[in-house]
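Written below as structure tokens is the structure these notes are about.
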Amino acid sequence: AQRVTQPEKLLSVFKGAPVELKCNYSYSGSPELFWYVQYSRQRLQLLLRHISRESIKGFTADLNKGETSFHLKKPFAQEEDSAMYYCALSGPGANSKLTFGKGITLSVRP
Amino acid sequence: ETGVTQTPRHLVMGMTNKKSLKCEQHLGHNAMYWYKQSAKKPLELMFVYSLEERVENNSVPSRFSPECPNSSHLFLHLHTLQPEDSALYLCASSRSRWGTGELFFGEGSRLTVL
């Protein structure tokens, strides 16, 4: 069974502080990992996926297979980063179910 | 209009009412989904449709009845709901079932059951 764990419900930081949103997963194989974001009054949308190895809005996430983690990081948080963030996992093939974690609310204070 | 559109955006209904939520996608996708988003369980998968066929029903009570008349439209028919069904209902679509992880979401329909 595949599972995504986001151990914290809320992270509150000051503007300019580093951010790390934790995500751990359970999957017997080679998973694909994603981060989705939902800003206030906006739709849930894909932020980044690990296979792209890209930085979006200053956020990066590295897949650590040894620790089965996919933490989302940003060195200097901005107020506009305040949102709900969901980590998600799917298998490598087509039609592989996408499983979401419970999400974490990031609050960036001025 | 492009993307995934949900109507109504807000709905208030009594427990004996019958209402429907509508979702429309203009992305040419073949799979559509209903999710329930609430404070207690942030993102619960309800139903999955692929090529207009229901492929997953995540143990959802029968008071929720989905309908997918074509690949662009998805409905969620509601009847005899309970107050605990109050939540934000999200529709999503993808190119194929689970779309290699990229789902496109609508803005949601905020449902309040009195």
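The values are calculated or read from the model by the stated rules, or taken from the named source; none is laboratory data. In this text, all values refer to a predicted model and were calculated from it rather than measured experimentally. Note: ideal-geometry Cβ built from the backbone for every residue, glycine included; neighbour counts use all protein chains shown. The protein model used for the area step is the full one, side chains on, heavy atoms only, and it has no ligands, DNA or RNA in it. Shrake-Rupley method; radii C 1.70, N 1.55, O 1.52, S 1.80 Å.
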Any idea which of (1) among the small types (Gly, Ala, Ser); (2) surrounded by 14 or more Cβ atoms within 10 Å (Cβ to Cβ); (3) in a loop (DSSP other than H, G, I, E, B) is the one B:Ala92 doesn't satisfy? (3)
Residue within region A:60-68 that is closer than 26 Å to B:Glu44 by Cα, within 14 Å of chain B (Cβ to nearest Cβ) and either among the β-branched types (Val, Ile, Thr) or surrounded by 13 or more Cβ atoms within 10 Å (Cβ to Cβ) (or both) present: yes
Can you tell me which of (1) more than 9 Å from chain B (Cβ to nearest Cβ); (2) touching a residue at least 60 places away in the same chain (Cβ under 8 Å); (3) not in a loop (DSSP other than H, G, I, E, B) is the one A:Ala77 doesn't meet? (3)
How many residues does region A:11-34 contain that are open to solvent by less than 40 Å² (accessible area, probe 1.4 Å) and in contact with a His (Cβ under 9 Å, 6 or more places away or on another chain)? 6
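Can you tell which of A:Leu46, A:Leu21, A:Leu89 is out of contact with any Ser or Thr (no Cβ under 8 Å at 6 or more places or on another chain) and either under 23 Å from B:Val4 (Cβ atoms) or basic (Lys, Arg) (or both)?
When all the criteria are applied, what remains is A:Leu46.
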Any residue that is open to solvent by less than 60 Å² (accessible area, probe 1.4 Å), away from chain B (no Cβ under 11 Å), in contact with a strand residue (DSSP E or B) (Cβ under 6 Å, 6 or more places away or on another chain) and in a loop (DSSP other than H, G, I, E, B) - is there at least one of those in region A:84-100? no
Taking region A:35-48 only, how many residues are within 11 Å of another protein chain (Cβ to nearest Cβ), open to solvent by 60 Å² or more (accessible area, probe 1.4 Å) and not in a strand (DSSP E or B)? 3
Residue satisfying all of: in region B:100-109; under 11 Å from the mean Cα position of the chain (by Cα) and in a strand (DSSP E or B); nearest to the other protein chains (Cβ to nearest Cβ) among these: B:Phe105
Consider region B:42-99. How many of its residues are more than 19 Å from B:His26 (Cα to Cα), out of contact with any strand residue (DSSP E or B) (no Cβ under 7 Å at 6 or more places or on another chain) and within 14 Å of chain A (Cβ to nearest Cβ)? 1
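Residue-wise test of (1) within 23 Å of B:Gln37 (Cα to Cα); (2) at pLDDT below 90.
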| site | (1), (2) |
| --- | --- |
| A:Phe34 | yes, no |
| A:Tyr39 | yes, no |
| A:Gln45 | yes, no |
| A:Leu48 | yes, no |
| A:Ser52 | no, yes |
| A:Phe59 | no, no |
| A:Leu63 | no, no |
| A:Ser69 | no, no |
| A:Pro75 | no, no |
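In the list B:His26, B:His10, which residue meets the criterion of being within 27 Å of A:Thr105 (Cα to Cα) and open to solvent by 50 Å² or more (accessible area, probe 1.4 Å)?
Residue meeting the stated conditions: B:His10.
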Take the residues in region A:10-32 that are within 14 Å of chain B (Cβ to nearest Cβ) and at pLDDT below 95; name whichever of them is nearest to A:Met84 (Cα to Cα). A:Glu32
